[in-house]
Amino acid sequence: MCIRDRFRRILVEPKFNLLKQQQALLQTENVIVEFPENGINAIAKVTAQVNSSAQNIGARRLHSIIETIMDDFSFDTQQFEGKTVVIDEAHVMSKTKSMLETVDLSKYLI
């Protein structure tokens, strides 16, 4: 099993996983959050890529990635009140683009 698949399992298998926590958090503000399969896969993929190009902090990286992709919805909940937001692959990739472009050069120094 590759690391991306492990991250995906962490996102979906625990009873109170990070995605369900985000859904519950925003539901208190009357915002419905959906994570389709392609969005979940993209989160796992980006997490693996960022860990490989920057400091590898393992599954803790999932939290920072999710925080990044949920930023707009978390801080402007009034704008999304009564709406459904879909966190699909396109959204994940657009929000994490800068993270994927930034390479930690310190890991190449002797």
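The values are calculated or read from the model by the stated rules, or taken from the named source; none is laboratory data. Note that the structure is predicted; figures quoted are calculated from it, not measured. Cβ atoms come from the backbone with ideal geometry, glycine included; neighbour counts cover every protein chain shown. Only protein heavy atoms, including side chains, enter the accessible area calculation; ligands, DNA and RNA are left aside. Shrake-Rupley method; radii C 1.70, N 1.55, O 1.52, S 1.80 Å.
This table checks each residue for (1) exposed (fewer than 15 other Cβ atoms within 10 Å of the Cβ); (2) more than 13 Å from the chain's Cα centre (by Cα); (3) charged (D, E, K, R); (4) in a helix (DSSP H, G or I).
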{"position": "Phe7", "(1), (2), (3), (4)": "no, no, no, yes"}
{"position": "Gly39", "(1), (2), (3), (4)": "no, no, no, yes"}
{"position": "Lys45", "(1), (2), (3), (4)": "no, no, yes, yes"}
{"position": "Ser52", "(1), (2), (3), (4)": "yes, yes, no, yes"}
{"position": "Leu62", "(1), (2), (3), (4)": "no, no, no, yes"}
{"position": "Ile65", "(1), (2), (3), (4)": "no, no, no, yes"}
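For a quick check of your reading of the model, give me the residue pairs whose first member lies in region 52-67 and is more than 16 Å from Arg9 (Cβ to Cβ), whose second is open to solvent by less than 40 Å² (accessible area, probe 1.4 Å), with beta-carbon atoms closer than 8 Å and at least 6 apart or on different chains.
Filtered contacts from region 52-67: Ile57/Asn51.
Which is among the acidic types (Asp, Glu), over 21 Å from Phe7 (Cα atoms) and loosely packed, with under 14 Cβ neighbours inside 10 Å, of Glu81, Glu34?
Glu81
Pairs under 6 Å by beta carbon, first residue within 25 Å of Val31 (Cβ to Cβ) in region 1-20, partner part of a loop (DSSP other than H, G, I, E, B) and aliphatic (A, V, I, L, M), six or more apart or different chains?
From region 1-20, the pairs are Ile10/Ala59.
For region 91-110, which residues satisfy the criterion of being at pLDDT 85 or above and either over 16 Å from Glu67 (Cβ atoms) or open to solvent by less than 70 Å² (accessible area, probe 1.4 Å) (or both)?
Within region 91-110, His91, Val92, Met93, Lys95, Thr96 qualify.
Take the residues in region 12-29 that are in contact with a helix residue (DSSP H, G or I) (Cβ under 8 Å, 6 or more places away or on another chain) and assigned to a loop (DSSP other than H, G, I, E, B), then tell me which one is least open to solvent (accessible area, probe 1.4 Å).
Restricting to residues being in contact with a helix residue (DSSP H, G or I) (Cβ under 8 Å, 6 or more places away or on another chain) and assigned to a loop (DSSP other than H, G, I, E, B), the top hit is Asn17.
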